[in-house]
Amino acid sequence: MKNWNKKHISKEQVHFLQEKYNINALTASILLRRGISDGKQIQFYLENDARFLHNPFLFNNMEDVVDRIFQAKEEGEKVLVFGDRDVDGITSTVVLHDCLSQMGIDVRCRLPSGTDPYGLNIPAIDDFAKEYGTLIITVDCGISNIDEIAYAANLGMDVIVLDHHNPPDTLPSPAIIIDPKCADSGYPFKDISGCAVAYKVVSALRFAKSDLYKNEIALLAPTVEGQDVFINVVKVQNLVEKEVLREKITPGTSIMDTKLIDFLRGQQIFVWDIKRTKQILDGLFGTGADFQMLDLSAEVAKRIPSMAKMTLHDLRTKSKLARYNPECDSEIKGFFNIFVTFVGRELSAQFPDDAKAEECDLQLVSLAALADIMPLIDENRILVTKGIESINKGTPRAGLLELLSLHDLLGRRVNSVDLSWSIIPALNSTGRLGQPEIGLDLFLEKNPEKRTKLPRGSYGQMT
């Protein structure tokens, strides 16, 4: 029998976590004994707000993917989404297909069927060529399909690879690749599922419908620190921090002698509390320096009334992100975080159908993470939590509703164990029996009567 020894932790360590993160001693002890003491890790155990998810545009190639898909829409191209036969592949295919079809794109899906090998195959490419297809998007596969992607290119097709598997030494070409395990992906977390990668692309596509897509915005926040005045500016594009300027300015300095002119040229400038900002800038440069600024605090107050009279200093002290990430503990970083949160709420109000679709997507993302045994760390914890939370609201998406019903889980509060031992094996079985299209059709079919008539032998309960 194996002897279990509790990891020794000190009272001082426990007390430190209690005070810093406002948690009880038991929670602090569990975290420490699991070796979790860094704020960047702890935040994913204590928070479940989607604001803590990583921005999809952190992927270096995300804009290229978004632009190519919008080009397909504008030019009326035919698009093929090619996935894998397991739960991760099926859910990845569904998430991307649903988004593309909602965009009005002529899209079809294909999975390896029968004895087809894993990954993109030549017959699938040939069949798509006969339909005059021009864009193939692989999901949960593709990173190793070097020959197949070259073959598609020779037929005049473009290929986008959305994968999460380890890349080979030589990457497929020509292709636009999104894979968190690629060394140059730019993404901060490598261990997301294939469905999560597809979800990130879908999130980026939804954001790209807004006026903010690709537009650079400058957030400006002057701070008075003792006798010194600093001008702090963050350049933001697609809600990603691109550049930061922090410059100490002596009153009476000509603005032409600062870095501000070049840094702010062509930028739309947002400030917090325009009256105070103007007073500080006038005190530094005189009234002749003309800054064209917009006051974000007034707009934020409409969406988040509790912030109406708060200063950037107040917001800094209340920032949850700053609590876990010391580098975010400044007024300009707090301003950036408020901007991202505000834009997220604005877009949800502007595109309510997208917000509803995102909940359905997260249900599938949670299934994929559990099915592929993704480590429940970092943003995976939030993705799984939000997905299960959405299911338990009483609104499981089409297809999942039928699966829950067949396994006597409908109306019950389900958890990761229920999904892992009932729903996921049932869905996986469709691929193992060489009929993954049954699982795919279960999620894609909009007519509930037709869904109930799909063959149940592979995914229904044993009778």
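Being open to solvent by less than 70 Å² (accessible area, probe 1.4 Å), outside any helix (DSSP H, G or I) and either of a type in the set (A, V, I, L, M, F, W, C) or modelled with pLDDT of 95 or more (or both): is that true of Pro180 here? Yes, satisfied. Restricting Leu205, Leu212 to those that are of a type outside the set (Ser, Thr, Tyr) and either under 24 Å from Gln41 (Cβ atoms) or surrounded by 22 or more Cβ atoms within 10 Å (Cβ to Cβ) (or both) reduces the list to Leu205. Kindly establish whether Leu171 is open to solvent by 30 Å² or more (accessible area, probe 1.4 Å), closer than 29 Å to Gln363 by Cα, hydrophobic (A, V, I, L, M, F, W, C) and in a loop (DSSP other than H, G, I, E, B). In short, no. A residue that is part of a helix (DSSP H, G or I) and more than 26 Å from the chain's Cα centre (by Cα) occurs somewhere in the stretch 387-402. Only residues that are surrounded by fewer than 24 Cβ atoms within 10 Å (Cβ to Cβ) and within 17 Å of Leu53 (Cβ to Cβ) were counted across the stretch 364-374, and they come to 1. Residue pairs whose Cβ atoms lie under 6 Å apart, separated by 6 or more positions or on different chains, with the first residue in the stretch 184-196 and in contact (Cβ under 8 Å) with a residue 40 or more places away in the chain and open to solvent by 50 Å² or more (accessible area, probe 1.4 Å) and the second of a type outside the set (Phe, Trp, Tyr) and not in a helix (DSSP H, G or I), are Pro188/His54; Asp191/Met374; Asp191/Pro375. Every test in (1) at pLDDT 95 or above; (2) touching a Ser or Thr at 6+ places or on another chain (Cβ under 9 Å); (3) open to solvent by 30 Å² or more (accessible area, probe 1.4 Å) is passed by Ile377 save one, and that test is (2). One residue alone among Ala426, Ala398, Ala369 is among the aliphatic types (A, V, I, L, M) and touching a Ser or Thr at 6+ places or on another chain (Cβ under 7 Å), and that residue is Ala369.
Of all residues in the stretch 234-272, those being small (Gly, Ala, Ser) and under 22 Å from Ala204 (Cα atoms) number 0. With respect to the stated conditions, Glu346 is assigned to a helix (DSSP H, G or I) and free of Cβ contacts under 8 Å to residues at least 60 places away in the same chain. The set of residues from the stretch 1-44 being hydrophobic (A, V, I, L, M, F, W, C), open to solvent by less than 90 Å² (accessible area, probe 1.4 Å) and free of Cβ contacts under 8 Å to residues at least 40 places away in the same chain comprises Ile9, Val14, Leu17, Ile23, Ala25, Ala28, Ile30, Leu31, Leu32, Ile36. Here Glu359 passes the criteria (1) open to solvent by 40 Å² or more (accessible area, probe 1.4 Å); (2) assigned to a helix (DSSP H, G or I); (3) over 30 Å from Asp88 (Cβ atoms) except the one numbered (3). Scanning for something of a type in the set (Phe, Trp, Tyr) and over 21 Å from the mean Cα position of the chain (by Cα), does the stretch 291-313 turn up at least one residue? Scanning the stretch 291-313 turns up at least one residue that is of a type in the set (Phe, Trp, Tyr) and over 21 Å from the mean Cα position of the chain (by Cα). Of all residues in the stretch 250-267, those satisfying the criterion of being surrounded by 15 or more Cβ atoms within 10 Å (Cβ to Cβ) and within 21 Å of Asp295 (Cβ to Cβ) are Ile255, Leu260, Phe263, Leu264, Gln267.
The set of residues in the stretch 407-445 that are part of a loop (DSSP other than H, G, I, E, B) and open to solvent by less than 30 Å² (accessible area, probe 1.4 Å) comprises Leu409, Val414, Gly434.
To keep it simple, each residue is scored yes or no on (1) out of contact with any strand residue (DSSP E or B) (no Cβ under 9 Å at 6 or more places or on another chain); (2) without any contact (Cβ under 8 Å) to a residue 60 or more places away in the chain.
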site: Glu241; (1), (2): no, no
site: Val244; (1), (2): no, no
site: Lys248; (1), (2): no, yes
site: Phe263; (1), (2): no, yes
site: Phe270; (1), (2): no, no
site: Gln279; (1), (2): yes, yes
site: Asp282; (1), (2): yes, yes
site: Met293; (1), (2): no, no
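Meeting the requirement of 3 or more residues that are of a type in the set (A, V, I, L, M) and either without any contact (Cβ under 8 Å) to a residue 40 or more places away in the chain or open to solvent by less than 30 Å² (accessible area, probe 1.4 Å) (or both), the strands (runs of 3 or more DSSP E) wholly within the stretch 75-167 are 78-82, 135-139, 158-162. For the stretch 215-238, the set of residues classified as surrounded by fewer than 19 Cβ atoms within 10 Å (Cβ to Cβ) and within 21 Å of the chain's Cα centre (by Cα) consists of Asn215, Glu216, Lys235, Gln237, listed by residue number.
Looking at this structure, is Thr341 among the hydroxyl-bearing types (Ser, Thr, Tyr) and not in a helix (DSSP H, G or I)? When the stated conditions are applied, Thr341 does not pass them.
Candidates are the residues of the stretch 280-325 that are of a type outside the set (A, V, I, L, M, F, W, C), in a helix (DSSP H, G or I) and open to solvent by less than 40 Å² (accessible area, probe 1.4 Å); the one that is modelled with the lowest pLDDT is Ser297. In this structure, Glu359 qualifies as under 17 Å from Phe443 (Cα atoms) and either among the basic types (Lys, Arg) or within 17 Å of the chain's Cα centre (by Cα) (or both).
The values are calculated or read from the model by the stated rules, or taken from the named source; none is laboratory data. Bear in mind the structure is a predicted one, so any value in this text is a computation, not a measurement. So basically every Cβ, Gly included, is an ideal-geometry build from the backbone, and we count neighbours across all protein chains shown. Remember, those area values only see protein heavy atoms, side chains included, never the ligands or the DNA or RNA. Shrake-Rupley method; radii C 1.70, N 1.55, O 1.52, S 1.80 Å.
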